[in-house]
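**Q** Okay, here's the structure, questions in a sec.
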Amino acid sequence: MRTFSILHDFSNNGYETPARVYAGFQKPSHGKTFALAPREVSYIPMQIGDLLSVTGSGPNTRLQVLAFDETGRNALTSLALSKTGELDLSKVDSDRLVAWIAAQGGEPGSGIAIADLPRSEDQIILKASAPISVWIMQPLKRDQLVTGSSSGSVVVSHQQANASGPILPDPLGDVREEFTVKRGTGLSYEVRQGEIVQIIDVEGQQCSDFVAIRTDGLDKGEEWLIDSTSTRSMVRRAYPGPGMLDKFYDGEMRPLLNVIQDTCGRHDAYGLACTARGYAERGFPGHINCSDNISDALTPYGVRRRSAWPAINFFWNTWIDSHSHELLVDESHSRPGDYIAMRAMEDLVCASTACPDDLDPINGWNPTDVHVRIYRPETPIRRAVAYREKEDAPMSISQESAFHERLEPLTQHFAPARDLWAPVSFPSHGTLGEYWACREAVTLQDMSGLRKYDIIGPDAEKLLQLATTRNVAKLPVWRGSYTLMCDETGTVIDDGTLFRLANDLFRWCCGSEESGRTLLSLAEEHGLQVRIHDMRNALPNLALQGPKSRDVLRKIAFTQPQVPTLDQLKWFGCTVARLNDREGAPFMLSRSGYTGELGYEIFCSKADAITIWDAVMEAGKEFGITPMGSAALEIIRIEAGLAAANAEFAPGVDAFEAGLGFAVDLTKAEFTGKAALERNQQNPRQVLKGLLLECDDIPAHGASVFANERQVGIITSATRSPSLEHSIAIARLSVEYSENETRLEIGQLDGRMKRLGAKVTDIPFIDPRRTRARA
């Protein structure tokens, strides 16, 4: 066995069914490279001469291919493949494939031919001899997925044979009109109510000024255009994004455009479009500029000329310096093919520019083109933002979780959780109702945004001993442990729960893909015989939390004699169960959570997600089960004193300073960061403590903590505690001011003009001995 690359589960890899096309591409490869997760099915449209390569499959991995010609008939021969069997939908997450086959007029269960690819660690290359639609999949039984996948990492690459010129993202749907705005120019166009306009940065790092004016206003001689001040005031953000607060407004606070998708996430809603005066004052009189281009483009519509247009500057990277309050500018965050898509809420006249500024970093000193597409009103485009697990990683676009079908009727308030949409709150109960349900009864929460890695092989324990801060050798099968990954300085990279499912099989459930990169790097550095599988969206999970959670599970959890029963699960124990009986849907069950209450987590296949959600909700009715969102969870985890990334642990903060020393075993022979942590433990400068505030004001993250006029700490997390009936905060304090009952002040209004009194206390604030979770 050799070390394999991490298996990345991009549930949307840039190719979609024709009904719901998603776009994303990498320059300059003229193709796509993505990874295929267990049970995942991916769609690839291929033309004559296109190449499809597969690497890293390994001897234990089964890969299958479907191919259809333009009439929907079997076209495996166009890839020089022969039929080896028929499609078995039970071994793949098949919703997209089934929908596509049905849209072509086919019958998904009617003996569709598949070809098995050779099980080989060498690269497999297929070449299309005709235009075909290809589906590639990694079949796996659901119980094999839940108990630990032994499939190898699979990387798929599609190389286009005849790509030329700039590569544009695939259309999002039915395009009514599209055109390119050449560098240094501007164009006007009309968008009717309900249509969607997509502004695409063709080559990346290109500012595109955008103006939209109500057509009915122009008919009356009135120019009602996007007003950035009204927009910021209404959405209470620097710029809108997909979600609840996602509109652009005119000066009368009437919505003009609704943001549907945004893959860049950083735009400017403060500055003007560039002006002739701005260039002239810098020594470049007569320089072409966006304001004049906008005026020229809008002249046919009778719009008066302006020397300076208050446009929305898409992809322009500006921000307000928190100290000087200056408006600062740098190169754009946009990548080739990034875009923003907006639905018109009124008939509009619009203008878009491709900014000519070659004097500043805003276009990377290299002005390029902008592309515009207008889609017909009936085009179904879901809301989404881009997600990149790392700066140079391929873009994936936010997906609906496997439980979304049940969540969407209950709430419209979703926020990104890595590459998935997660509910924030449920209006029928409200955040406080969800909070008290978790404290007094039972709640169910979609936590599928967690990252999951299966670590398999003879050196799995050795790798995890090097990577994590607790002694993995002491971890029995069917037990879990909260632990950390640190870098050489002792800074916490990630935290999570490590479960042992067999002697050489572990499951690491954590918050960040950095964990996977750390594991891979250590395995390669030490030449370890291990496979690292990134399960991510292939293994959705639920958190069932609260004092009645065990009562709910007693009604539905069936276990075989060879694994622990529900009542045998101690804190951080795990098992494999099924719904109701031995034939029911399989799931991994762990006694763990992020609330400090008695609770469990359920990990299952996508195919069983809805069935399991329904079973849990039905069993929980008599106990008052309530769906819970991230807002209530945030209150509960702060009361429980549980650490969060970019709050309690952050770059430059070691495990002890993050309040996580309890998860560090310095008696271990070796682990990454041990030397630094041993050194830092001897002379700590800061510790993590609680603050009991004397008011209901909630201090901001990063607020300064003072002893008289001297800053002695910062706030890492804060909330108002419903149980304590006042505000609380977690703070990183200098050790000299960390004794309980020490009175300190939290700075508000620039950190000094207003002070909130507080007393130092231990954390957690509630149930300090964790008796509820251990109950």
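The values are calculated or read from the model by the stated rules, or taken from the named source; none is laboratory data. As the structure is a computational prediction, the values presented were derived from the model and not from experiment. Cβ placement follows ideal geometry from the backbone for every residue including glycine, while neighbour counts extend to all protein chains displayed.
**Q** Taking segment 276-308 as the search range and keeping residues that are touching a residue at least 12 places away in the same chain (Cβ under 8 Å) and among the polar types (S, T, N, Q), which one is surrounded by the most Cβ atoms within 10 Å (Cβ to Cβ)?
**A** N289
**Q** Also: For the subset of segment 436-466 comprising residues that are part of a strand (DSSP E or B) and among the β-branched types (V, I, T), which member is nearest to Y387 (Cα to Cα)? Can you show your working first?
**A** From segment 436-466, those part of a strand (DSSP E or B) are 443-446, 451-456; that's our starting set.
Retained after the next criterion (residues that are among the β-branched types (V, I, T)): 443, 455-456.
Values: T443: 28, I455: 24, I456: 28 Å.
Only one residue fits best here, namely I455.
**Q** Continuing with this model, one more query. Considering only residues of segment 526-555 that are among the small types (G, A, S) and more than 30 Å from D767 (Cβ to Cβ), which is modelled with the lowest pLDDT? Write out each step before concluding.
**A** Taking segment 526-555 first, the residues among the small types (G, A, S) are 527, 538, 543, 546, 549.
From the residues that got through so far, the ones that are more than 30 Å from D767 (Cβ to Cβ) too are 527, 538.
Numbers: G527: 96, A538: 89.
Filtering first and then ranking leaves A538.
**Q** Output the number of residues of segment 239-252 satisfying the condition of being on the phi < 0 side of the Ramachandran plot and surrounded by 17 or more Cβ atoms within 10 Å (Cβ to Cβ). Let's see the steps before the verdict.
**A** Residues of segment 239-252 that are on the phi < 0 side of the Ramachandran plot, as a first pass: 239-242, 244-252.
Subset that is surrounded by 17 or more Cβ atoms within 10 Å (Cβ to Cβ): 239-242, 246-250.
Of the residues in that region, 9 qualify.
**Q** Right, something else. Give T185, T147 a once-over and let me know the one that is hydroxyl-bearing (S, T, Y) and over 30 Å from G56 (Cα atoms). Outline the logic, then answer.
**A** Values: T147 fails: over 30 Å from G56 (Cα atoms).
The conditions single out T185.
**Q** I would also like to ask the following. Taking strands (runs of 3 or more DSSP E) that fall entirely within segment 624-728, which contain at least 3 residues that are under 23 Å from R418 (Cβ atoms) and either assigned by TED's automatic domain parsing to the domain that holds V760 or in contact (Cβ under 8 Å) with a residue 40 or more places away in the chain (or both)?
**A** On the way: elements: 686-693, 704-707, 710-721.
By residue number, 710-721.
**Q** Go through (1) over 27 Å from R536 (Cβ atoms); (2) under 25 Å from the mean Cα position of the chain (by Cα) and name the single condition S157 misses.
**A** So the condition that S157 fails would be (1).
**Q** Ok, one more. Let me spell it out: the conditions are (1) assigned to a loop (DSSP other than H, G, I, E, B); (2) within 19 Å of N366 (Cβ to Cβ), and G271 meets all of them except one. Which number is the exception?
**A** Of everything listed in (1) assigned to a loop (DSSP other than H, G, I, E, B); (2) within 19 Å of N366 (Cβ to Cβ), G271 misses just condition (2).
**Q** Answer yes or no as to whether L432 is surrounded by fewer than 20 Cβ atoms within 10 Å (Cβ to Cβ), in contact with a Phe, Trp or Tyr (Cβ under 8 Å, 6 or more places away or on another chain) and touching a residue at least 60 places away in the same chain (Cβ under 8 Å).
**A** Numbers: surrounded by fewer than 20 Cβ atoms within 10 Å (Cβ to Cβ): yes; in contact with a Phe, Trp or Tyr (Cβ under 8 Å, 6 or more places away or on another chain): no; touching a residue at least 60 places away in the same chain (Cβ under 8 Å): yes.
Here the answer is no, as L432 does not meet what is asked.
**Q** Restricting segment 62-118 to residues that are among the acidic types (D, E) and outside any helix (DSSP H, G or I), which is nearest to R142 (Cα to Cα)?
**A** As a first pass, look at segment 62-118 and keep what is among the acidic types (D, E): 69-70, 86, 88, 93, 95, 107, 116.
Next, from what is left, pick out any that are outside any helix (DSSP H, G or I): 69-70, 86, 88, 93, 107, 116.
Working: D69: 31, E70: 33, E86: 19, D88: 13, D93: 10, E107: 23, D116: 19 Å.
Top of the filtered list is D93.
**Q** Let me ask something else. Could you go through segment 235-247 and let me know if any residue there is aromatic (F, W, Y), assigned by TED's automatic domain parsing to the domain that holds A344, under 19 Å from A297 (Cβ atoms) and under 28 Å from the mean Cα position of the chain (by Cα).
**A** No; the residues of segment 235-247 include none that is aromatic (F, W, Y), assigned by TED's automatic domain parsing to the domain that holds A344, under 19 Å from A297 (Cβ atoms) and under 28 Å from the mean Cα position of the chain (by Cα).
**Q** Continuing with the same structure: Have a look at V576, V530 and point out the one that is over 21 Å from the mean Cα position of the chain (by Cα), touching a residue at least 12 places away in the same chain (Cβ under 8 Å) and crowded, with 22+ Cβ neighbours inside 10 Å.
**A** Details: V576 fails: crowded, with 22+ Cβ neighbours inside 10 Å.
From the options V576, V530, the qualifying one is V530.
**Q** Turning to a different aspect of this structure: Just checking: which of the strands (runs of 3 or more DSSP E) contained wholly in segment 309-428 hold 2 or more residues that are surrounded by fewer than 16 Cβ atoms within 10 Å (Cβ to Cβ) and not assigned by TED's automatic domain parsing to the domain that holds R39? Please lay out each step first, then the result.
**A** Working: elements: 312-314, 317-320, 327-330, 339-344, 348-353, 370-375, 384-387, 414-417, 420-423.
Result: 317-320, 327-330.
**Q** Being over 30 Å from G584 (Cβ atoms) and under 24 Å from the mean Cα position of the chain (by Cα) narrows it down to one of I612, I698, I635, so name that one. First the steps, then the outcome.
**A** Working: I612 fails: over 30 Å from G584 (Cβ atoms); I698 fails: under 24 Å from the mean Cα position of the chain (by Cα).
Just one listed residue meets the conditions, I635.
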